[in-house]
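The values are calculated or read from the model by the stated rules, or taken from the named source; none is laboratory data. Predicted model only: the values in this text are computed from it and were never measured. Glycine gets a Cβ as well: all are built from the backbone with ideal geometry, and neighbour counts include every protein chain shown. The protein model used for the area step is the full one, side chains on, heavy atoms only, and it has no ligands, DNA or RNA in it. Shrake-Rupley method; radii C 1.70, N 1.55, O 1.52, S 1.80 Å.
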Amino acid sequence: AQRVTQPEKLLSVFKGAPVELKCNYSYSGSPELFWYVQYSRQRLQLLLRHISRESIKGFTADLNKGETSFHLKKPFAQEEDSAMYYCARWNTGNQFYFGTGTSLTVIP
Amino acid sequence: ETGVTQTPRHLVMGMTNKKSLKCEQHLGHNAMYWYKQSAKKPLELMFVYSLEERVENNSVPSRFSPECPNSSHLFLHLHTLQPEDSALYLCASSPDRGLGDTQYFGPGTRLTVL
């Protein structure tokens with residue numbers, strides 16, 4: 001069973017346009033959700049986690065338990081946002097799953 | 001070098017070879033992880049170590065054998081691998097056990113099995 005789904009493998013937006021990267025997870029208790037990012041030639045790193053309720057580099061993500069979603073949003077995309085984005089889910093019992101990732105390209 | 005380091009960065013091996021991947025973290029973390037990243041597949045958690053004890057083994061074939069001699073070092077011993085084991089192997093660490101902690105990743109080892 002797919003536990004974390006990122007339906008878009010590739011996403012392109014113009015600079016300054018809003019961007020939304022979709023993530024849906026399969027329901028299992030009270031999961032903790034993350035977004036990890038990998039910029040070109042850099043290692044995978046945490047972008048944000050839902051429990052922190054932070055805005056990192058202008059990105060936010062809201063956990064919607066009704067829709068089992070954790071979409072990543074930014075109102076105005078920048079060229080430096082071009083990267084690979086992975087949604088990940090953890091819940092008690094040490095179950096941790098990554099999605100297949102979405103490659104975001106911001107067009108100048 | 002600070003953070004999480006992995007050696008070698010690239011490895012080519014035959015199916016009858018025995019090799020080891022090494023991971024080292026300089027962050028004072030208590031937990032370390034091995035992941036496998038194959039093309040077109042999600043990142044797969046292979047092993048979790050917390051304070052040098054293995055706490056999770058996600059049904060990984062026995063041809064992969066982890067070793068954690070101390071909280072700073074993690075090895076993945078490889079023997080009689082198959083071509084489908086070719087992938088990027090990532091190491092990560094986190095402050096405490098429990099995968100709810102932020103994980104810090106190494107650069108990975110690109111493994112090719114001939």
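When residue A:13 is tested against (1) in contact (Cβ under 8 Å) with a residue 40 or more places away in the chain; (2) on the phi < 0 side of the Ramachandran plot; (3) not in a strand (DSSP E or B), exactly one condition is not met: (3).
Report, by residue number, each residue of region A:51-71 that is modelled with pLDDT under 85 and within 14 Å of another protein chain (Cβ to nearest Cβ). Result: A:51, A:52, A:54. Residues in region B:68-114 that are touching a residue at least 40 places away in the same chain (Cβ under 8 Å), in a strand (DSSP E or B) and either of a type in the set (S, T, N, Q) or surrounded by fewer than 17 Cβ atoms within 10 Å (Cβ to Cβ) (or both): B:73, B:77, B:79, B:88, B:93, B:94, B:109, B:110, B:112.
Taking the criterion of being under 28 Å from residue A:103 (Cβ atoms), open to solvent by 50 Å² or more (accessible area, probe 1.4 Å) and assigned to a loop (DSSP other than H, G, I, E, B), the residues of region B:28-67 that qualify are B:39, B:40, B:41, B:58.
Candidates are the residues of region A:27-40 that are at pLDDT 90 or above and open to solvent by 40 Å² or more (accessible area, probe 1.4 Å); the one that is farthest from the other protein chains (Cβ to nearest Cβ) is A:40. For the criterion of being at pLDDT 95 or above, more than 17 Å from residue A:42 (Cα to Cα) and either more than 14 Å from every other protein chain (Cβ to nearest Cβ) or in contact with a Leu (Cβ under 8 Å, 6 or more places away or on another chain) (or both), residue B:90 fails.
Looking only at region A:49-74, count how many residues are in contact with a Ser or Thr (Cβ under 9 Å, 6 or more places away or on another chain), over 15 Å from residue A:6 (Cβ atoms) and either of a type in the set (Val, Ile, Thr) or not in a strand (DSSP E or B) (or both). Residues that pass the stated criteria total 5. Here residue B:5 clears all of (1) buried (at least 18 other Cβ atoms within 10 Å of the Cβ); (2) at pLDDT 95 or above; (3) β-branched (Val, Ile, Thr) except the condition numbered (1).
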